[in-house]
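The values are calculated or read from the model by the stated rules, or taken from the named source; none is laboratory data. Note that the coordinates shown come from a computational prediction; the quantities given were computed from them, not determined experimentally. Cβ sites come from the backbone with ideal geometry, for glycine too, and all protein chains shown count toward neighbours. Accessible surface is based on the protein model in full, side chains and every heavy atom, while ligands, DNA and RNA are left aside. Shrake-Rupley method; radii C 1.70, N 1.55, O 1.52, S 1.80 Å.
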Amino acid sequence: KIYVSGPKVMYHGLREFDGGCTYILDTDPIITPTVTDITSFVKDGSIKNKDLQNQLVKFDNLEIVSVEEKDDKGRYNVVCGDATNNITVRINTYLTATSSDAYKAYEALKLAPGMLISVSGVAGCYDGTQIHPLDADDIVVKGVNYSKMFGGKLVDATKIDDQIYGVKNITLP
């Protein structure tokens with residue numbers, strides 16, 4: 001837990017503390033946060049009315065609507081849901097360094113519109129609800145995450161699980 005005192009401001013829907021804040025870090029006891037499934041909130045459009053900032057959230061099997069081009073710092077957005085009711089997955093190099101396994105996982109999965117994707121991470125609010133995945137296996141496409149890949153490449157097969165668990169020969173691209 002972190003106790004912060006100081007002036008609050010709103011910036012593009014994001015609650016922030018302005019400069020001159022003081023804080024106290026309380027590490028006892030450490031409590032594991034509960035994961036909130038937000039899939040239904042995205043599908044029915046109520047995600048826009050939810051205050052999920054800083055909560056650990058997940059969604060399952062939402063369609064990727066768009067994948068933005070990376071900016072000059074390697075950051076990009078993946079919009080999931082549909083054109084009206086959606087959530088942005090923010091691949092943010094401030095939180096996930098491009099040299100980390102997590103960032104390499106996002107790159108290796110070759111995210112593209114039309115794919116079904118499941119994501120877990122921390123929710124943020126900046127011009128709408130965002131989710132910030134932080135670990136290598138926080139993004140899953142068709143049941144495949146980074147731990148089910150070989151050398152950072154997806155296995156070429158109709159049933160990935162059969163290849164991974166030895167039912168078939170492994171065919172690398």
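Observations on the model:
- Diffusion of the stretch 41-93 by Stokes-Einstein, at 20 °C in a medium of 1.002 mPa s and with Rh set to the Kirkwood radius over alpha-carbon pairs, works out to 178 µm²/s.
- Nearest-20 debye value, the stretch 1-107 charge dipole, Cβ charges on Lys, Arg, Asp, Glu: 180 debye
- Estimated FRET transfer efficiency when R0 is 30 angstrom, pair Glu69-Ile30 (beta carbons, to 0.05): 0.15
- Residue-count net charge about Gly114 - beta-carbon cut-off 15 Å; Lys, Arg +1, Asp, Glu -1: 0
- Measuring only protein heavy atoms, the 1.4 Å probe finds Ile31 accessible over about 120 Å².
- Accessible surface of the stretch 13-141, 1.4 Å probe, proportion on carbon and sulfur as whole %: 50 percent
- Expressed per residue, the C-alpha convex hull volume of the stretch 64-147 stands at 88 Å³.
- Where Thr96, Thr84 fall by accessible area, highest first, once all protein chains stay in place (1.4 Å): Thr84, Thr96
- Rolling a 1.4 angstrom probe over the protein heavy atoms with all chains in place gives the stretch 1-135 an accessible area of 59 Å² per residue.
- If the chain linking Thr98 and Asp44 were pulled fully straight, counting 0.36 nm for each residue of separation and taking away their Cα-Cα distance, it would gain 16.0 nm.
- Residues of the stretch 120-139 with amide N under 19 Å of the 7 Å Cα→Cβ point at Gln53: 121-133
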